[in-house]
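The values are calculated or read from the model by the stated rules, or taken from the named source; none is laboratory data. A quick note: this is a predicted structure, and the numbers were derived from the prediction, not measured. Here the Cβ positions follow ideal geometry from the backbone for every residue, glycine too, while neighbour counts run over all protein chains shown.
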Amino acid sequence: MGDDTNVAKTITHNSRNPDILKNEADIFEVSQVTPHSDDTKYLKIPYKGLNPYTENDTSIFFGRESDIQEMVNNLLAWRLTILYGKSGVGKSSILRAGVTHILHEEAQQNRIDYDGIPKLAVVVFPSLERDFSWRDDPLASLIQQIEVTIAQRGWDIQPPESGLSFIETLSSWTDALGGEDYDGELYLILDQFEEYFLYHANEKADGTFYTEFPRAVNCPSLRVNFLISTRKDSLAALDRFKSLIPGLLEHRLEMGHLRGEAAEEAITKPIDYYNRQYNTNISIEQSLVNAILEEVQVGKVILGDSGLGGVEAKHKVLSEMQIETPYLQLVMERLWKEEHDRESNLLRLETFKALGQADQIVKDHLNHQMELLTEEERQIAASIFQYLVTLSGMKCACSVFELATHTRCNSIRLKQLLEKLASGKQRIVRPEGKAKSDQPDTQRYEIFHDALANPILDWRRRYLEQQKLEVEKAKLEEKRRQETEKLQIEVEQQRLESDKQRLEIQRQQTKSEKKIGRALITTGLFALGIVGWLCSWLFIKDREIQINRLNLQGSKALVEFQLNTASELESVKSAMRLGHIAQEKNLAEEEVPSLSLSLQQILHRIRAKNQLTFTQGIPTRRGIAQSANGQWIALGTIDGMVYRRNLNILGWSKFKATDNSVSNLDISDDGQRIATATTEGEVKVWDATTGQLIRDFTPDAVYEHLRIRLSPDGQKLVVISSSIPHLWEIDSGERLVIPFHNSRDIIQQIIFSPDGQKMAMVSSNVEKIFSISLLDLRGNVINSWQVPSDILNLRFSPDSEQLVSSSGNSATLWNLQGDELTTFQGHWSSIRALAFSPDGKELATGAEDGFVRVWDLNGQEKFSLKGHDSWIAAIRFGSDIRNFTTITNLGTIRLWDVTSKSCDSAENLCTTFINTYKFSGFRYQAEVVFSQDGHMATVSGNGTAYLWPPNQTKPSKPFMGGGKRTFRVKPRVFLSPDAKRLATIASDGTARLWSTQNENSATQLFKGHSGEKAVAIALGMDRSLLVTASEDGIFRLKDFRRNIIAEFSGYKGRSSQAIFSPNGKLIATVSGKNNILQIWNLQGQLLNEFDGYSGAVSAIRFSPDSRKLATAFLDGNVYLRNVRRKERSLKPLFSTGSSILNIRFSADGQKLATASFDGKAQIRSIQGEKLIEFQTLNGLWDVNFTSNGQRLAAVGWREKGYLWQIEDLNQLLQKGCDWMRDYLETHPDEAKEFVFCNDLSVSR
């Protein structure tokens, strides 16, 4: 048994074929479908919904006959068979209702033929009852499962004695099954094998499943065959056993989705069986069968971030259809119940449509159960679901105690909820295993079926979205109510006015018959005017409704993104759809400010820079590599293909490397050479451009457990096989001497340093003592030190002076002397990927929990990245820190914007222009201004200024202010329109003037002192002026010769400010404890005065036409006043929620920009609507529009300066299309929705 030389034993799968069996009743005697428990004789439902089929359901399990036969034949013929398929294709059902049933029938027949001796037994692990599962000790659980299963058969076979090894236990069972001949056979089906890797990722100890299972497979005398069933996306994880089980993947079967013809049988034949078994006459409309098959095709039923909705696909013939069996069963179960409740013997298309068709039926399955919960129970459910489903949609069992610990929910209420969700006919979760008798909180629960994973995550997203948006909705409803009331008042006023006019007309008619004609004409014209006004009013209101709806949807998209209730991809797609609608309706950006804001904010804050999914094949577990500069990636697949891609260019190049699976590969720094290793021991180096073989290093003896590594220059190759290291010169083919190898040591990995001058090696000895060794290029040991546990990954720092290693869920930083410098802890599971930033100041770690965490070298986590579809296989920083790449084991490649999270600039938007000089006073206060020709000037707290030529990132030499940092006034800088003169006011109130051609040409205009200080300067082309302020509230207007032109009597107080109007005719001042705002002309005449402000004024600014004045306050409020009007209104134009430190007008006067204490720079319309927002990590002193209005400059704390691009809606749509380019390339169906991207000029 299990010997490949044996003739394969075959058991024909014919037990339900009426043409073969003469007595069909015999079938039902063997495989009786258990009827429901009421008194009627009828089977309640011949469909299973999301329940897996069991042996007892064989008579209603149709459509998989050929698959069952193939699996049975393989299980009988080969020692190990690998069955894999996507989640939800029905692997568990076919193994239980098909394979297990047939083999058990064979055993029953053997008992008849051999006097009660079964000769064989088949055991499926884990059981559906989940008494024994992968989460517990898998080896002990499997042994217990065998004993329980055989005991349930009632064969009176005694179990083996305790204390035997795994192989001895299996051998005892086969002896007992065979009777006196000791020739029994045992078939073990290991279902849901992916859960082993989920719960036992680091299991390696002797005596565990990791070691005992391969020994059993490799034992030639053992009469046991194994079948492993696993999800397709976990197939690569089997690489873990490749070194222990030769030919591990030699006999593998892929189980695909149910085909159309088979699915039709799965719909109709259970009804035929039901009618025969229970003498009924139930039928189904063929049109309903066709509609169901059309609806439940793969990809048609989707529960995603945007809600339930399928992809429109072309109509397919039956042979081309691929069917989602869980959804098929859900639909049939619901239809059967619905028609049964209506006492109908016909399953009708009309009923299917009334239920909302497949989409709504699938959605209702979960929603109905959730609607039965109280609000408190729904809150608890939303908090626990994220722990019961992994990022890749895999079920994960958790105990009540674990869930209570994670969510901080009351354990009693939590247990009550889980029991409620695990009961009833539409179960959402189910218990797994049994709780300890004295510890009820150890009871574990898991999601009832994989098909519920996405609906559950979608329900949670929608629930959290509903909760988080309640406040926003309340505000919008209140605003809508106020607008409605206002509109009703306007309508009532119009009605009253109309009535008044009508009465006046009637009065005039009765007064004089002679004026009747004129009155009638007047009345007709008035009515015509009213009709015209009403039509115009309705058109305007309809447009307002459309605009309000778009603004509301834009705000919702941004809120969902900020609250993480929508993914980055869905957020971009939603915002772009709305933006495109606005463009189609020719709406101005000022009308729909939330659309530009939401798209700008999402693209500005988004971390992933692209959406690129590898769809060419299945990458192997170690078949992913990336060049050190982050530009090139290479992937090896299970079918022997190698794919290479430049991340800056569309498309993959590929070549065939082997007929076997590519188990490991590496790519040189320049991306021009690729080294591959295969499951059959082939080691080759290829020209990555042409796909031509450079050199074959495959030895005569087959390598096992191969690991390879290329040197940075692609000239050397390290190969580790069976723990023996080999070092080769690639071009010459010379094998170098390896003096460091100890035959007793197990060499796990060797890496090259970035400078190419040394290597690092991880090894262990027979005592399981692990070490890291530093080697020269000839293999001589430079240094070696012990580490506490097994090393999963190892990386050099960019300067080759440090090493970082990962063990389990933590990482450790070492110097080359072996001293432990820092430990990085924060992941939930094993760290599989490590990478340093180019400057060596940051470390990125990626783990099986799907998170990437970025740390400083002191072990402080700076931020984390989530949203991956599986565990992290590789991380790389490119030569530019912006090129941060992650690759998952499914081949999904993501480029991330690290810069906007680890410092203050934003991807493609922000340029840190103050990056060369350190300004001693810049960290305290600063200002930035522009001349008409585009020159920029900045000033720091001590009055030192810098002049920046247009479009330059480096300033001129500093214009030294020389003042003391006294904080009497805000530092100010002024430029003449032609940028030939520059003036500053230091914080001590001293004013200076320079020629910008000579930084040493300083002229002191005024010396600040305790009694008086300079507060404003006007550098005109024909006249220049200076304003000073004294402690007694007197403002003095002076020329540059210090002659007093006029005096203004303000109010006493230290917080005096002044500013000239752009036309040079007005001066605005703020003074006194009550922050009195006054407007003066240059002759000293008071024109206007505003008081009544409650907060401290931080900045005042005239509009470009000098007609309006914006006032910003430290409480975050902004007021806009007409300079000439005497009106007094205390209602702010808007509030930012944080202290505003400065405010500016755009050149056209239609926008305002604010700099805030919280580090935000906002651009708002003159009506107060927020249009754009930029976020920094530190506060901002000032913000200003560039002279052409296309950028926004800001100066902030910690000597930081920023320059952001101001993008309109069209530019933002271009940016969004560019971001989605890789995604649309691999998702052509969705690309149709964004066809407008083809009309936009996009570039990487």
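For (1) out of contact with any His (no Cβ under 6 Å at 6 or more places or on another chain); (2) touching a residue at least 60 places away in the same chain (Cβ under 8 Å); (3) buried (at least 17 other Cβ atoms within 10 Å of the Cβ); (4) of a type in the set (A, V, I, L, M), each residue gets a yes or a no:
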{"site": "162", "(1), (2), (3), (4)": "yes, no, no, no"}
{"site": "173", "(1), (2), (3), (4)": "yes, no, yes, no"}
{"site": "187", "(1), (2), (3), (4)": "yes, yes, yes, no"}
{"site": "210", "(1), (2), (3), (4)": "yes, no, yes, no"}
{"site": "213", "(1), (2), (3), (4)": "yes, yes, yes, no"}
{"site": "226", "(1), (2), (3), (4)": "yes, yes, yes, no"}
{"site": "235", "(1), (2), (3), (4)": "yes, yes, yes, yes"}
Is at least one residue of the stretch 381-391 touching a residue at least 12 places away in the same chain (Cβ under 8 Å), among the polar types (S, T, N, Q) and farther than 14 Å from residue 458 by Cα? no
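Yes/no per residue for (1) in a strand (DSSP E or B); (2) closer than 24 Å to residue 977 by Cβ; (3) of a type in the set (Val, Ile, Thr); (4) without any contact (Cβ under 8 Å) to a residue 40 or more places away in the chain:
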site: 1036; (1), (2), (3), (4): yes, no, no, yes
site: 1047; (1), (2), (3), (4): yes, no, no, yes
site: 1052; (1), (2), (3), (4): no, no, no, yes
site: 1062; (1), (2), (3), (4): no, yes, no, no
site: 1074; (1), (2), (3), (4): no, no, no, yes
site: 1079; (1), (2), (3), (4): yes, yes, yes, no
site: 1084; (1), (2), (3), (4): no, no, no, no
site: 1088; (1), (2), (3), (4): yes, no, no, yes
site: 1098; (1), (2), (3), (4): yes, no, no, no
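This table checks each residue for (1) in contact with a Pro (Cβ under 6 Å, 6 or more places away or on another chain); (2) over 20 Å from residue 1196 (Cβ atoms); (3) part of a loop (DSSP other than H, G, I, E, B).
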site	(1), (2), (3)
1119	yes, yes, no
1131	no, yes, yes
1144	no, no, no
1161	no, no, no
1164	no, no, no
Scanning the stretch 100-126 for residues that are part of a loop (DSSP other than H, G, I, E, B) and surrounded by fewer than 18 Cβ atoms within 10 Å (Cβ to Cβ) gives 114, 115, 116
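Residue-by-condition table, conditions (1) at pLDDT below 85; (2) out of contact with any helix residue (DSSP H, G or I) (no Cβ under 9 Å at 6 or more places or on another chain); (3) buried (at least 20 other Cβ atoms within 10 Å of the Cβ); (4) over 30 Å from residue 81 (Cβ atoms):
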| residue | (1), (2), (3), (4) |
| --- | --- |
| 281 | no, no, no, yes |
| 292 | no, no, yes, yes |
| 304 | yes, no, no, yes |
| 307 | yes, no, no, yes |
Given the criterion touching a Phe, Trp or Tyr at 6+ places or on another chain (Cβ under 7 Å), in a helix (DSSP H, G or I) and modelled with pLDDT under 80, identify the matching residue among 418, 403, 366, 335. 366
Top-ranked residue in the stretch 1173-1214 [being modelled with pLDDT of 85 or more and among the β-branched types (Val, Ile, Thr); ranked as nearest to the chain's Cα centre (by Cα)]: 1206
Of the numbered conditions (1) at positive phi; (2) in a helix (DSSP H, G or I), residue 97 satisfies every one except a single condition; which is it? (1)
Filter result for the condition that a residue is more than 23 Å from residue 77 (Cβ to Cβ), over 43 Å from the mean Cα position of the chain (by Cα) and of a type in the set (Asp, Glu), over 185, 180, 194: 180
What do you reckon, is residue 28 at pLDDT 50 or above and of a type in the set (Phe, Trp, Tyr)? no
Residue that is farthest from residue 1056 (Cα to Cα), among those in the stretch 985-1042 that are buried (at least 24 other Cβ atoms within 10 Å of the Cβ) and among the basic types (Lys, Arg): 992
Could you tell me whether any residue of the stretch 1143-1155 is of a type in the set (Gly, Ala, Ser), surrounded by 22 or more Cβ atoms within 10 Å (Cβ to Cβ) and at pLDDT 90 or above? yes
I'd like to verify a number: residues in the stretch 1176-1223 that are touching a helix residue (DSSP H, G or I) at 6+ places or on another chain (Cβ under 6 Å) and among the aliphatic types (A, V, I, L, M), how many? 3
Can residue 229 be described as within 26 Å of residue 68 (Cα to Cα), of a type in the set (Ser, Thr, Tyr) and in a helix (DSSP H, G or I)? no
Count of residues meeting criterion [modelled with pLDDT under 80, β-branched (Val, Ile, Thr) and in a helix (DSSP H, G or I)] in the stretch 548-573: 1
Could you grab me the full set of residues in the stretch 93-117 that are acidic (Asp, Glu), closer than 30 Å to residue 328 by Cα and without any contact (Cβ under 8 Å) to a residue 60 or more places away in the chain? none
